[in-house]
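Worksheet: the structure to be examined is printed underneath.
The values are calculated or read from the model by the stated rules, or taken from the named source; none is laboratory data. Keep in mind it's a predicted model, so treat the numbers as computed, not measured. Glycine also receives a Cβ, built like all others from the backbone with ideal geometry; neighbour counts cover every protein chain displayed. For accessibility, only protein heavy atoms count, side chains too; no ligands or nucleic acids. Shrake-Rupley method; radii C 1.70, N 1.55, O 1.52, S 1.80 Å.
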Amino acid sequence: MASNNIRSTDLTNPSENPADKHPKPPFPSKPQDVPGTEAAMDPQADHGEKTYKGRNRLAGKSAVITGGDSGIGKAVAIAFAREGADVLISYLDDVEDRDAQDTINFIEDAGRKAVLVKGDISSESHCRKIIETAVASFGKIDILVNNAAYQMSRETLQDIPAWEWEKTFAVNIHSMFYLCKAAEPHMLPGSSIINTTSVNAYEPTPMLLPYAATKAAIQNFTANLSRILLENGKGIRVNAVAPGPIWTPLIPSTIPDHDRFGEDTPLERPGQPAEVAPAYVFLASDEASYISGATIPVTGGRITI
Ligand code: NAD
Ligand code: MG
């Protein structure tokens, strides 16, 4: 009988409600210096270390992920490796060496090649070095994830130094141009570029004026580049992911009231990096072959229309 096949659902099971799946604020978290580290996070973030199950969706591919040491980039690196991809991760600072090494261990545990490149992506020559290292290590690049970013909270317009305005654009959007330009000749048809934007592109936070402006620029860059790299016959898809509030070292190092971070979403909690990574896997996979110029919001229900 058909009715015997219907799975019985426990309507009271809290683990199936996304609101209850991860910790809710207030958090005991303490402020950190930029760029922040995973070890100093309280509570610790979830990058899918114990939960992400790969299904060979990126078998034989190789990926470059900026900011792959921590936060969203780390969860994406773990997921990509478990889906069968070799991964190069780039990161900024000596203080992040431990986070980067931890990510490397997860990539290697998945049986994939892992490569680390440390340095500042606001320099075009460093971006070229990242791409050259990936090509020397893997022979090609199938997936470029432009994910690293800088932000700082400032109360007023007068509080924003000109150097910080320029640095925010240099790290967040100039680097995407440098990396995409250097990578294009090494990307075959079927490859894809995924840029991390933000809910701030749609709903800018006054304390993050320069950052929000870079995220809006990334949306426009993504849409336009997606046309260029399909219409020129290269067959490279370009998409974006727009996270809402996600619990990463960026937050306690740059947001003053981070103990309440994410409480203002419909789910009343921040997302965990593990909850963002599947969007990158999908966009990078061949299942997304008809998707280019799109942005997937991962915002805990905050609306981006
Ligand atoms: P994170 O601090 O874990 O990752 C950012 C990484 O960027 C750092 O690990 C750092 O190594 C790297 N980085 C910073 N400046 C750099 C530079 N000059 N050169 C090279 N690398 C540099 O934080 P995250 O939240 O995982 O951030 C990842 C992306 O997600 C960013 O683009 C951020 O804007 C975006 N995002 C985050 C949130 C959030 O709430 N956490 C929300 C929306 C968008
Ligand atoms: Mg980091």
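If Lys and Arg each add +1 and Asp and Glu each add -1, what is the summed charge of the other residues whose beta carbon sits under 15 Å from the beta carbon of Leu58?
Counting the neighbours of Leu58, the net charge comes to +4.
Explain nothing, just the number: relative contact order of the chain, from Cα pairs under 8 Å at least 6 residues apart, as a whole percent.
Relative contact order, the chain: 22 percent.
Using the heavy atoms of the protein chains alone and a 1.4 angstrom probe, what is the accessible area of the chain per residue in square angstrom?
Using a 1.4 Å probe on heavy atoms only, each residue of the chain averages 46 Å².
Going through segment 84-117, which trypsin sites (Lys or Arg not before Pro) have at most 16 other Cβ atoms within 10 Å and a DSSP loop state?
Of the trypsin sites (Lys or Arg not before Pro), the ones in loops of segment 84-117 whose Cβ has at most 16 other Cβ atoms within 10 Å are Lys113.
Which of Ala240, Phe177, Ser253 sits closest to the plus end of the dipole of segment 175-305, meaning its Cα is farthest towards the positive end, when Lys and Arg get +1 and Asp and Glu get -1 on the C-beta?
So the residue furthest toward the plus end is Phe177.
Can you list the lysines whose alpha carbon sits under 26 Å from that of Lys61, skipping same-chain ones fewer than 8 residues off?
List returned: Lys50, Lys53, Lys74, Lys113, Lys118, Lys129, Lys140, Lys181, Lys234.
Rounded to the nearest percent, how much of the accessible area of segment 31-298 (1.4 Å probe, protein heavy atoms only) is carbon and sulfur?
52 percent
Is the chain best put as rounded, prolate or oblate by its Cα gyration tensor, with a ≥ b ≥ c the root eigenvalues, rounded for a/c under 1.5, and otherwise prolate when a/b is larger than b/c, oblate when not?
rounded
How large is ³J(HN,Hα) for each residue in segment 186-198, as worked out from phi by the Karplus curve 6.51 cos²θ - 1.76 cosθ + 1.60 (θ = phi - 60°), to whole Hz, x for Gly and Pro?
9, 10, 8, x, x, 6, 8, 10, 10, 9, 8, 9, 6
Quick one: what are the phi-derived ³J(HN,Hα) couplings along segment 40-57, Karplus 6.51/-1.76/1.60 with θ = phi - 60°, whole Hz, x for glycine and proline?
So the J values, rounded to whole Hz, are 8, 6, 8, x, 5, 7, 9, 9, x, 3, 9, 10, 5, 10, x, 10, 6, 6.
Using amide H atoms built 1.01 Å from N in the peptide plane, name the residues 5+ places from Val145, or on other chains, whose amide H lies under 5 Å from its own.
Sorted by chain and number, the residues that satisfy this are Val64, Ile65, Thr66, Ile194.
Just going by the charge dipole of the chain, with Lys and Arg at +1 and Asp and Glu at -1 on Cβ, which of Pro206, Ala148, Ala81 is farthest out on the positive end?
About the Cα centre, the residue reaching furthest to the positive side is Ala81.
Using alpha-carbon pairs under 8 Å, 6+ residues apart, how would you state the relative contact order of segment 246-305 in percent?
35 percent
Identify the trypsin sites (Lys or Arg not before Pro) of segment 40-78 meeting these criteria: DSSP loop state and at most 11 other C-beta atoms within 10 Å of the C-beta.
Listed in order of number, the matching sites are Lys50, Lys53, Arg55.
Rounded to whole Hz and in sequence order, give me ³J(HN,Hα) for segment 230-246 from the Karplus expression 6.51 cos²θ - 1.76 cosθ + 1.60, θ = phi - 60°, writing x for Gly and Pro.
Whole-Hz 3J(HN,Hα) from phi for segment 230-246: 9, 5, 7, x, 6, x, 9, 8, 10, 9, 9, 10, 10, x, x, x, 10.
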